[in-house]
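Remarks on the structure that follows.
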Amino acid sequence: MEISSKKVGEVLIMGINGRLDALTSSKLESRMCELINAGETKIVLDLGELEYISSAGLRAILFCAKKLKTIDGDIAFANITGMISEVFEISGFGTMFNLYSSALVAAEKIS
C-alpha cells in the first residue's frame with residue numbers, strides 16, 4: 001500500500017493505492033494519526049486506486065474518523081467504485097460518511 005497526500009486549501013487529500021488489509025492498516029492509521037496530531041482537521045481519502053479493503057482497514061479508518069470528530073474535524077471519501085463501494089455499503093460506511101465522486105469535490109464540500 002502506498003499513501004500520497006496533498007493540500008487543497010485547508011483540506012488534506014490522501015490517496016491510497018493498493019491493498020488496505022491487516023498487514024497495511026496500521027501504516028494508514030499511524031500516518032493519519034500523525035497528521036491529525038500535527039493539526040490536520042479536514043481529510044479526504046481518495047480511494048480511486050484502492051484495490052482491496054478488509055475489516056482491519058475499515059477499523060483503521062473508523063478509528064481515525066473518531067479521532068477527527070473529537071477535535072471537530074471532518075473526513076470524506078472520494079472515488080469509491082467496484083468492490084470498495086460494495087464493502088462500504090455492506091459495512092454501513094456509506095451512510096456514516098460523506099462519499100463524493102472526486103477528491104476535489106469532496107475537498108470543496110468539507111472545507
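Points to keep in mind about this one:
- Residues in region 10-25 that are open to solvent by 70 Å² or more (accessible area, probe 1.4 Å) and either in a loop (DSSP other than H, G, I, E, B) or not charged (D, E, K, R) (or both): E10, A22, L23.
- Residue in region 37-44 that is touching a Phe, Trp or Tyr at 6+ places or on another chain (Cβ under 8 Å) and surrounded by fewer than 20 Cβ atoms within 10 Å (Cβ to Cβ) present: no
- Cβ-Cβ under 9 Å pairs, at least 6 apart or on other chains, region 1-24 side without any contact (Cβ under 8 Å) to a residue 12 or more places away in the chain, far side open to solvent by less than 80 Å² (accessible area, probe 1.4 Å) and part of a strand (DSSP E or B): K6/L12; K6/I13; K6/M14; K6/G15; K7/I13
- Any hit, region 81-96, residues being closer than 17 Å to E29 by Cα and of a type in the set (S, T, N, Q): no
- Residue in region 65-87 that is within 14 Å of the chain's Cα centre (by Cα), assigned to a helix (DSSP H, G or I), aliphatic (A, V, I, L, M) and under 25 Å from G9 (Cβ atoms) present: yes
- Within region 35-57, tally of residues that are in contact with a helix residue (DSSP H, G or I) (Cβ under 6 Å, 6 or more places away or on another chain), closer than 18 Å to A103 by Cβ and not aliphatic (A, V, I, L, M): 2
- Scope region 45-61; condition touching a Phe, Trp or Tyr at 6+ places or on another chain (Cβ under 9 Å) and either surrounded by fewer than 17 Cβ atoms within 10 Å (Cβ to Cβ) or within 16 Å of S4 (Cβ to Cβ) (or both); matching residues: L45, D46, L47
The values are calculated or read from the model by the stated rules, or taken from the named source; none is laboratory data. What you are looking at is a predicted structure, and each value in this text was computed from that prediction instead of being measured. No Cβ is skipped: glycine too gets one built from the backbone with ideal geometry, and neighbour counts run over all protein chains shown. Calculation scope for accessible area: heavy atoms of the full protein, side chains included, ligands and nucleic acids excluded. Shrake-Rupley method; radii C 1.70, N 1.55, O 1.52, S 1.80 Å.
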